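Nothing in this text is a laboratory measurement; each read-out follows from the coordinates by a stated rule. These figures come from a predicted structure and were not determined experimentally. Here the Cβ positions follow ideal geometry from the backbone for every residue, glycine too, while neighbour counts run over all protein chains shown.
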Amino acid sequence: MEFRRGQRITLVHTDDPHTELRPGTAGTVLRFDEDQQVLSVKWDDGSTLAMLLDEGDEVSLLDNPHNMSAPSETLAPNLRNDRGHGRGR
């Protein structure tokens, strides 16, 4: 799956024991590294936790295509793919 800046998503699952995010929390895509499968998200609760899609984190796209600020812009890979980096609150 490809993600673009501005797309709205919702959290399905994360194994991160340090986050307060819960399934159903919505957020906005900031960046996506397709090679590393790392999705940087600005969550509606104010956190900026990145999702590690190849390590079990799961999100789903919200259906409203009008929530995309740049629908033709594909995000450049620029995030690291390890549990110690790319995550923040």
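Modelled this way, with points 7 Å down the Cα-to-C-beta line, the labels at Met1 and Asp16 are 1.7 nm from one another.
Taking 0.36 nm per residue of separation and subtracting the Cα-Cα distance, what length does fully extending Asp35 through Ser47 add? Mind showing how you got there, number by number?
Details: separation 12, 0.36 × 12 = 4.32 nm, distance 2.37 nm.
Additional length available on full extension: 1.9 nm.
Taking θ as phi - 60° and the Karplus parameters 6.51, -1.76 and 1.60, the scalar couplings of region 20-37 work out to 9, 5, 10, x, x, 5, 9, x, 10, 5, 9, 8, 9, 9, 5, 5, 8, 6 Hz in sequence order, x denoting glycine and proline.
So how strong a dipole does region 20-66 carry about its Cα centre when Lys and Arg Cβ are +1 and Asp and Glu Cβ are -1, to the nearest 20 debye?
Values: 3 positive and 11 negative charges, 48 e Å.
With Lys and Arg at +1 and Asp and Glu at -1, about 240 debye.
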